[in-house]
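The values are calculated or read from the model by the stated rules, or taken from the named source; none is laboratory data. Here the structure is a predicted model, which means the values were calculated and not measured. Cβ coordinates were reconstructed from backbone atoms using ideal geometry, including for glycine residues, and neighbour counts include every protein chain displayed. Surface areas here come from the heavy atoms of the whole protein model, side chains and all, with no ligands, DNA or RNA. Shrake-Rupley method; radii C 1.70, N 1.55, O 1.52, S 1.80 Å.
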Amino acid sequence: MSIQTQQAANAAIPAGTKPAAGTHSSSLPYYFVFLVPFLLLPGYYFLNNTWIVVWFGFGLLPVLDLIMPVDTVNHFGDERRELEQEFKFRVPLYVWIVVEYVVLFWSLYQTSNWSGTTMQFVGLVISMGITTGGIGLTVAHELFHKMHKMEQFLGKLLLVPVVYMHFCIEHVHGHHRNVATPNDPASAREGQTLYQFYPQSVVGSIVHCWNDEKERLMSAKLPVWSTHNQMIWFIAIPSLTCWAITMAFGWTSCLFFLAQACVGFSLLELINYVEHYGLRRKELSPGVYEKVTIEHSWNSPHIATNYFLFKLQRHSDHHANALKPYQALNSYEQSPQLPTGYAGMSIAATVPFVWRAVMDPILKAYKNKDTTMNEEVRAGIRTLKVFLVAVSCSLSYAVFCL
């Protein structure tokens with residue numbers, strides 16, 4: 001599939017980019033995520049700088065998506081089945097669990113006797129939030145979608161550092177069932193700002209998860225207020241974790257843990273906002289909606305963030321085939337496409353007027369099946385590029401020059 005075809009179908013991908021070559025048979029690009037902890041520790045010890053990971057995630061990564069080739073390589077038939085069975089693609093997921101917990105314990109130890117500045121503390125909070133939320137939650141998401149119980153357990157283990165354990169239930173049994181309908185708190189409405197969406201998704205997902213557990217237990221004739229209720233465990237485990245951290249490292253480390261957890265799950269909700277913004281399934285009859293298709297999620301073929309997020313940006317195929325492993329996910333030209341990766345679009349989402357200037361014309365063109373890159377879409381993309389470059393330059397100056 002050529003990028004020109006994809007542009008005509010979606011009116012969202014900037015001209016001048018080319019499809020990436022290769023067959024995706026290597027797992028090495030997925031180790032790209034380990035740059036985050038390896039930037040955090042040297043930055044702390046050698047540069048006395050805790051903000052380098054923030055610069056990498058929000059300053060460098062969006063620019064890489066703008067300048068690197070896009071990736072539309074797909075796999076079908078026997079090739080796809082062989083790729084799905086390749087154990088080497090599981091290895092970076094397993095290694096990440098160990099690395100994340102090592103870095104987390106290191107950060108708790110550092111904050112137990114903190115002697116740095118407030119700005120350095122804040123930088124460490126956000127950097128760890130990117131580590132546990134931006135990447136850790138993505139790895140958790142991949143693992144609890146697996147069939148094996150051990151991998152599902154490992155996925156839940158990665159939800160503890162972000163104090164968001166209910167996500168494994170609400171995402172699989174709630175979001176995947178209700179996506180792109182008013183019943184899904186994690187699907188943003190057209191015109192809804194991130195700041196309106198955030199409490200809707202955070203509170204709504206907890207309420208939905210509790211109600212689902214209550215319904216499950218009542219159907220099984222089990223008491224709601226009992227150890228059979230997973231939501232009680234999802235509250236108890238983080239609470240015990242906070243108590244243990246306080247006992248082992250002190251209240252400052254516990255405060256740090258909770259702050260980075262808030263950053264972590266907020267990054268998840270930021271991605272949730274981007275993934276389904278303004279897309280809706282048709283209501284066939286009251287409360288009954290059409291089947292989820294590849295047209296109900298925003299996708300991006302931009303290669304840097306795709307490797308960084310284990311191809312989460314091929315989101316339509318994930319919703320159509322929830323058990324398909326990340327390395328085998330396909331990119332479909334019929335799916336709505338974003339003009340850059342999730343990293344850049346997440347930054348744009350934090351500034352509502354920039355987000356609306358970019359997304360409203362793209363959403364309108366997609367809904368109207370407009371196959372041309374009209375001037376309104378082009379203007380929005382130009383605005384996005386200028387905005388992301390300005391953010392990158394500002395972050396670079398703030399992190400390395402001030």
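Of note:
- Taking every residue in segment 97-111 that is under 13 Å from ALA248 (Cβ atoms) and pairing it with any residue that is hydroxyl-bearing (Ser, Thr, Tyr) and open to solvent by less than 30 Å² (accessible area, probe 1.4 Å), at least 6 positions away or on another chain, the pairs with Cβ-Cβ distances below 7 Å are LEU104/THR132; LEU108/SER253; THR111/SER253.
- The set of residues in segment 56-95 being of a type in the set (A, V, I, L, M) and outside any helix (DSSP H, G or I) consists of MET68, VAL70, VAL73.
- Residue satisfying all of: in segment 193-219; in contact (Cβ under 8 Å) with a residue 40 or more places away in the chain and either among the small types (Gly, Ala, Ser) or part of a loop (DSSP other than H, G, I, E, B) (or both); least open to solvent (accessible area, probe 1.4 Å) among these: SER201
- Residue within segment 75-92 that is under 23 Å from the mean Cα position of the chain (by Cα) and among the small types (Gly, Ala, Ser) present: no
- Boolean, ASN48 is outside any helix (DSSP H, G or I) and either under 23 Å from the mean Cα position of the chain (by Cα) or crowded, with 20+ Cβ neighbours inside 10 Å (or both): no
- Of all residues in segment 359-388, those that are open to solvent by 40 Å² or more (accessible area, probe 1.4 Å) and more than 25 Å from the chain's Cα centre (by Cα) total 9.
- Checking VAL391 against (1) open to solvent by 50 Å² or more (accessible area, probe 1.4 Å); (2) over 18 Å from HIS302 (Cα atoms), the condition it does not meet: (1)
- Residues located in segment 166-184, provided they are open to solvent by less than 10 Å² (accessible area, probe 1.4 Å), part of a loop (DSSP other than H, G, I, E, B) and of a type outside the set (Gly, Ala, Ser): VAL179, THR181, ASP184
- Extreme residue, surrounded by the fewest Cβ atoms within 10 Å (Cβ to Cβ), among residues of segment 227-238 that are outside any helix (DSSP H, G or I) and of a type outside the set (Val, Ile, Thr): HIS228
- Among (1) more than 12 Å from VAL274 (Cβ to Cβ); (2) surrounded by fewer than 18 Cβ atoms within 10 Å (Cβ to Cβ), the one test that THR350 misses: (1)
- Note on segment 96-120: residues that are closer than 18 Å to GLY134 by Cα and surrounded by 15 or more Cβ atoms within 10 Å (Cβ to Cβ) amount to 8.
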